Amino acid sequence: KDFVSYQIRQLHEDEEFPADKTHTIGGVIQEVKRIFTKKHNQEMAFVRLFDGTAKVDCVIFPKLFVEVKDLLYEEQVILLTGKFDKREEDFSFLANSVVDFNPEEARRMDLTEVQVEIPRNADSKLL
């Protein structure tokens, strides 16, 4: 069973932009930028996610951020559900949900192959 419905590299390969469809993407968090909204001073985040094929910036709005902030740190492997957004030539992913990728769950799902990309700056604690 596939965990993701879309690989990030497909954004640059598909002729039709996948707007209006909900997708699940997954990968390793490379960067987390936390900010406060101007209007209500609520915390939210921009997360750079790498799935082994490409990177995309994901937007975690305040309501979701409160629920998932403990999952948002560099080198964490996560799955996100949401929609892609395109402004000019830049793509982003607007998250509706974020979950921790659980390798124990993957073992129970009859996976015959799992590919893992290890970030260059990974420390021994991650490995």
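Just a few scattered comments:
- Region 12-84, relative contact order [Cα under 8 Å, separation at least 6], %: 40 percent
- Computed log₁₀ I(q)/I(0) - Debye formula, equal Cα scatterers, no solvent, region 1-83, q 0.11, 0.23 Å⁻¹: -0.31, -1.14
- FRET efficiency for the pair R87 and F46, taken as 1/(1 + (r/R0)^6) with r the Cβ-Cβ distance and R0 = 22 Å, rounds to 0.95.
- Region 12-81, accessible area per residue, ligands and nucleic acids excluded (1.4 Å, Å²): 62 Å²
- Using a Förster distance of 25 Å, the FRET efficiency for L79-E16 (Cβ separation, nearest 0.05): 0.55
- Restricting region 11-83 to trypsin sites (Lys or Arg not before Pro) that sit in a DSSP loop and have at most 15 other Cβ atoms within 10 Å of their own Cβ leaves K21, K38, K39.
- Rounded to the nearest 0.05, the FRET efficiency derived from the C-beta distance between K69 and Q30 at R0 = 25 Å is 0.90.
- Loop-resident sites, region 14-107, for GluC sites (Glu not before Pro), counting at most 10 other Cβ within 10 Å (DSSP): E15, E16, E88, E89
The values are calculated or read from the model by the stated rules, or taken from the named source; none is laboratory data. From a predicted model like this one, the values you see are computed outputs, not experimental measurements. Heads up, the Cβs are rebuilt from the backbone with ideal geometry, glycines too, and the neighbour counts pull from every protein chain shown. The protein model used for the area step is the full one, side chains on, heavy atoms only, and it has no ligands, DNA or RNA in it. Shrake-Rupley method; radii C 1.70, N 1.55, O 1.52, S 1.80 Å.
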